[in-house]
Amino acid sequence: MFLTIVDVDTFSRMSLERKLRARIEGKQTKRKTLKLIKWLQRKHLLKEKLRCPLCFHKMKMFSVTKKDQYIWCCKRGHKRVSKTIRAGSLFEKSKSSLFNWMKYIYRFSQGLRLRQIDMISDDIAGSSTTLSKMARCIRRVCICAMERQRRKNRQCLGGRKEFVVIDESCFRHQRKVCTPFLVRFKSELLKTPLFCSPHILGL
């Protein structure tokens, strides 16, 4: 029996979701942090390589006791230079952990009706202010991805006075029981690797 394109797409997305959940759920150990960092690098959400601003040689990852457990560092001849593992990524200026960021992105990509009080109780963020900043950042990534898609394929999705109507059954995968709702921008972050530098995001 041959799988349709939709079935293959759904299967690959579910497989990716399982892999992500395996990396962000449970106790946050140093080994688990390294696995998450490597996974984010493969998905182009973190930089795989970084050059020293002084000698321009490749910097190396070193284990530390800071929040992210690892930093970029260069120890060649000159004064020691170090940068956060988040350098050049959308997480760079955020105080939230990479685990909490990926939990938020996972929920955002599911199209769930997120309540801030629920996410605060789940320790994704400590306040509604932090959650609002994360939401604005992800929306900017979505807009950036949509603009890139428009320039690449010359396709426009929605507009100033046009809304994208998405059927409720597309998200819930079951028979709809109420009217469809309107979504202005939607991008499957966990399906397509996105990378936007801080100056693009306005951070």
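Computed from the coordinates by the stated procedures, all read-outs in this text should not be read as laboratory data. The structure presented is a predicted model; accordingly, all values stated were derived computationally and were not measured. Here the Cβ positions follow ideal geometry from the backbone for every residue, glycine too, while neighbour counts run over all protein chains shown.
Amide H neighbours of TYR70 under 5 Å, counting only residues 5+ apart in sequence or on other chains, H built in-plane at 1.01 Å? Answer set, sorted by chain and number: VAL64.
Here the Karplus relation 6.51 cos²θ - 1.76 cosθ + 1.60, evaluated at θ = phi - 60°, turns the backbone of segment 51-63 into coupling constants of 9, 5, x, 9, 9, 6, 7, 5, 7, 10, 7, 10, 7 Hz, with x for every Gly and Pro.
Packing-based ranking of 138-145, 125-132 yields 138-145, 125-132, ordered from highest to lowest mean Cβ neighbour count within 10 Å. How would you classify segment 39-95 from its alpha-carbon gyration tensor, with a ≥ b ≥ c the square roots of the eigenvalues: rounded for a/c under 1.5, else prolate if a/b is greater than b/c, otherwise oblate? Verdict is prolate for segment 39-95. Residues whose amide H comes within less than 5 Å of that of ARG51, counting only those at least five positions distant or on another chain, are MET59 (H built at 1.01 Å from N in the peptide plane).
Counting only lysines at least 8 places from LYS19 when in the same chain, those with an alpha carbon closer than 19 Å to its own are LYS27, LYS30, LYS32, LYS35, LYS38, LYS43, LYS103, LYS191. Take 87-100, 43-56 and order them by the average number of nearby Cβ atoms within 10 Å per residue, most first; the result is 87-100, 43-56.
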